[in-house]
Amino acid sequence: MGKNTRSSMRVIHRYLGFFLAGIMAMYALSGIVLIFRSTDFLKQEIQVERMLKPSLSADELNRELHIKNLKVSREEAGIFYFKQGTYNSTTGRAVYSVKKLPIVLDKMTKLHKANTNSPIYFLNIFFGLSLLFFVISAFWMFLPKTSVFKKGVYFTLAGIILTLVILFV
């Protein structure tokens, strides 16, 4: 590769890195928070009151409330009791609690998990492609004959080996 390619890669790498610094920080933080998604870490309990259709079955109630592992423990006088709250099948009134992350962290984790059903999934594709560019362009940061480049290749190999061990062991 010529000096122009190396120089271009370095410039694009530098300014794309500056441009994406904020979103990289957001993905890093939300990724760490997502590791704890099966726990109540940083979550706040919120009381919710909703009016649903009367006479829902337990399965229909589960679909309406979107509460993971909702199990009706008992029913008395038309009131369904479950761990998170109650549902009055006569009036349709549901009172329950949910645990949610603070609004900023909740928005960040939703962005992190965006898929093709989300209008912003293209941002995740752009970010993923940008990270792939960073990986490739890093090899144009130093001349191949330098000791820094050679050490970089050793660190790259070590990182690849660690990744394979984590994936397959």
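Using C-alpha pairs below 8 Å separated by at least 6 residues, the relative contact order for region 1-93 is 21 percent. Placing +1 on the Cβ of every Lys and Arg and -1 on the Cβ of every Asp and Glu, with nothing else charged, gives region 44-100 a dipole about its Cα centre of roughly 220 debye.
Computed from backbone phi with θ = phi - 60° and the Karplus coefficients 6.51, -1.76 and 1.60, the 3J(HN,Hα) list for region 123-138 is 5, 5, 5, 4, 5, x, 5, 5, 5, 4, 4, 4, 4, 5, 5, 4 Hz; x is used for glycine and proline.
Computed over the chain, the per-residue total of -39500 (n - 2.57) for DSSP H runs of n ≥ 4 gives a 222 nm mean residue ellipticity of -17000 deg cm²/dmol, rounded to 500.
Centre-to-centre separation between the Cα atoms of region 125-169 and those of region 35-98: 48 Å. Counted over all Cα-Cα pairs of region 44-100, pairs farther apart than 13 Å make up 55 percent. I'm spelling it out carefully: the read-out is semi-axes √(5λ) of the Cα gyration tensor in Å, the candidates are [x] 26, 16, 15; [y] 51, 17, 13; [z] 33, 15, 13, and one was derived from this structure. Which label? After the calculation, the listed value that fits is [y]. The Cβ shell under 13 Å around Y81 holds other residues with a net charge of +1, Lys and Arg each +1, Asp and Glu each -1. Only one residue of S57, Y87, Q44 has its Cα farthest out toward the positive end of the dipole of region 44-100, where Lys and Arg carry +1 and Asp and Glu -1 on Cβ, and that residue is Q44.
Arrange the following residues from fewest to most other Cβ atoms within 10 Å of their Cβ: M24, M51.
M51, M24
Distance cut-off 18 Å, Cα to Cα: go down the list K71/K107; K68/K100; K83/K113; K71/K113; K68/K99 and report the pairs above it. Over 18 Å apart, Cα to Cα: K71/K107; K83/K113; K71/K113. Of all aspartates and glutamates in the structure, the ones whose alpha carbon falls short of 18 Å from that of K110, not counting any fewer than 8 places away in one chain, are D40.
Quick note: the coordinates plus some simple rules give every number you see, no bench work behind them. Just so it is clear, the structure is predicted and the values come from calculations on it, not from any experiment. So basically every Cβ, Gly included, is an ideal-geometry build from the backbone, and we count neighbours across all protein chains shown.
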